[in-house]
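Each value in this text was obtained by applying a stated rule to the coordinates, not by laboratory testing. None of the values given here were measured: they were computed from a predicted structure. Methodologically, a virtual Cβ is constructed for each residue, glycine included, from the backbone with ideal geometry; neighbour enumeration extends over all protein chains shown.
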Amino acid sequence: MRALTYQGPFRVRVENKPDPRLEHPQDVILRVTKSAICGSDLHLLHGLVPDTRVGHTFGHEFTGVVEETGTEVSQLRKGDRVVVPFNISCGGCFYCERGLTALCENSNPSSDVACGVYGYSHTTGGYDGGQAEYVRVPYADVGPLKIPDDMEDEEVLFLGDILPTGYMGAEMGEIKGGETVVVFGAGPVGVFAMRSAWLMGAGRVVAVDCVQYRLDFAERFAKVETVNFQEVGDVVAYLKEMFEGRGPDVCIDAVGMEAEGSTSHRVMGLGLKLEAGAPTVLSWCIDAVRKGGNVSIVGVYGPPWNVMPIGTAMNKGLTLRMNQCNVRRYMPHLLKHIREGRIDAKAIITHRFGLEDAPEAYHLFAQKRDGCVKCVLTP
Ligand code: NAD
Ligand code: ZN
Ligand code: ZN
């Protein structure tokens, strides 16, 4: 089969690989129908994720049709259309029983930190991903959600990651009604966090980014106010001023680590270069939020970014919450939001490519050009 694989920092290509096979009675093999590129894939592309091996197939946001089923699979049959959560979870461990599928103990036994994730390096188990013609799905009775017959793949594709992640970002901000919310990052995750903040009853929602077309998109898609941090000087002071000198109730980090040499890093200029591993955007969240406020982190971090201004957070009495998204628990609820027209998830797709053109799609998405918000591949 054809698959998009890692070739070293800033390099990916489409190559031939053996078709995946059933390796366990609870596996299914999916023929992939749609596969998206995520901001998390850019961390891989930029060589920021430890133990990313040459030849590893990327892709953790996909829909597909069941092609083959293991002997212990009871919920799926050949021909079923499914959308698959990016975290691989066993369904039966201490954490899975509590809905905390991102903390599954069994899907990546080599780590006591990270659960199994499709196409996300050997740090998360080395499972090949879904930017390919076929993919092996372990614990197939647990994760995959059947796609209703009257819905297209693209309508539900983002249930596998970025929609639940954005939603969880707002939920961790404890938005109950009337809160002021600033979302850093107007990418796919950020705009879904903004939509979710409104659904939870936020009183005011502001997007911060440096890529103007993304801010314009957020304004249209999520009906938010926008701040281009390159144009306002001291963005923390600017945000405090916007919210009565105190700052917003909630800051959401939908950015995470940014590679040196990545577009937004270049756009930000040397003055904002990461120093001693301190992540710029997380410091902004902690500095800008009002005392006693909530900081919600869905942006992905890893070494050498494992540094944060904990003293400021402590003295301001902040609540910090962060998680890899427990995708499965949000899927049914968010499917309902999509069906009933409250979230038009498909509307964030700006670019569609065949699998063969995936490397071009990666660079377009990474470089934040041509109005790109989200790329979807059709194998
Ligand atoms: P993306 O790269 O498309 O978007 C990130 C946006 O942040 C870009 O528009 C960029 O210009 C902007 N940005 C960069 N530096 C900034 C700064 N200092 N302040 C404000 N904006 C800034 O990525 P995405 O797909 O939207 O994903 C966002 C983050 O969420 C990534 O770190 C990704 O790994 C993470 N993520 C986490 C989970 C999870 O389970 N927690 C799931 C999916 C994605
Ligand atoms: Zn993702
Ligand atoms: Zn488990």
Scoring the stretch 165-322 by relative contact order with C-alpha pairs under 8 Å, at least six apart, yields a percentage of 24
Ordered by number, the GluC sites (Glu not before Pro) in the stretch 1-91 that occupy a DSSP loop and have at most 13 other Cβ atoms within 10 Å are Glu23, Glu72
Whole-Å distance linking the alpha carbon centroid of the stretch 33-111 with that of the stretch 166-214 is 26
Quick shape summary for the stretch 314-354, equivalent ellipsoid via Cα gyration tensor, semi-axes whole Å in descending order, reads 31, 17, 12
To the nearest 20 debye, the chain has a Cα-centred charge dipole, built from +1 on Lys and Arg Cβ and -1 on Asp and Glu Cβ, of 420
Here D for the stretch 165-322, in µm²/s, from Stokes-Einstein with a Kirkwood Rh over Cα pairs at 37 °C and 0.692 mPa s, works out to 216
Sorted on mean Cβ neighbours within 10 Å (highest first), peptides 149-158, 130-139, 38-47, 236-245 come out as 130-139, 38-47, 149-158, 236-245
Note to self, the chain gives a 222 nm [θ] from helices alone (DSSP H runs n ≥ 4, -39500 (n - 2.57) apiece, / all residues, nearest 500) of -7500 deg cm²/dmol
Log10 I(q)/I(0) at q = 0.13, 0.15, 0.17, 0.20 Å⁻¹ for the stretch 48-174, from Debye over equal alpha-carbon scatterers, is -0.54, -0.73, -0.94, -1.28
Residue-ordered couplings for the stretch 14-20, obtained by feeding phi - 60° into the Karplus form 6.51 cos²θ - 1.76 cosθ + 1.60 and rounding to whole Hz (Gly and Pro as x), are 9, 9, 7, 9, x, 4, x
Counting all Cα-Cα pairs in the stretch 1-76, those more than 18 Å apart amount in percent to 49
In Å, the Kirkwood hydrodynamic radius from C-alpha pairs for the chain sits at 20.7
So, relative contact order of the chain in percent, Cα under 8 Å, 6 or more apart, is 17
Note on the stretch 87-189: contact order normalised by length, alpha-carbon pairs under 8 Å, 6 or more apart, percent, works out to 16
Checking rank on 49-60, 105-116, 24-35, with mean other Cβ inside 10 Å and highest first, the result is 24-35, 49-60, 105-116
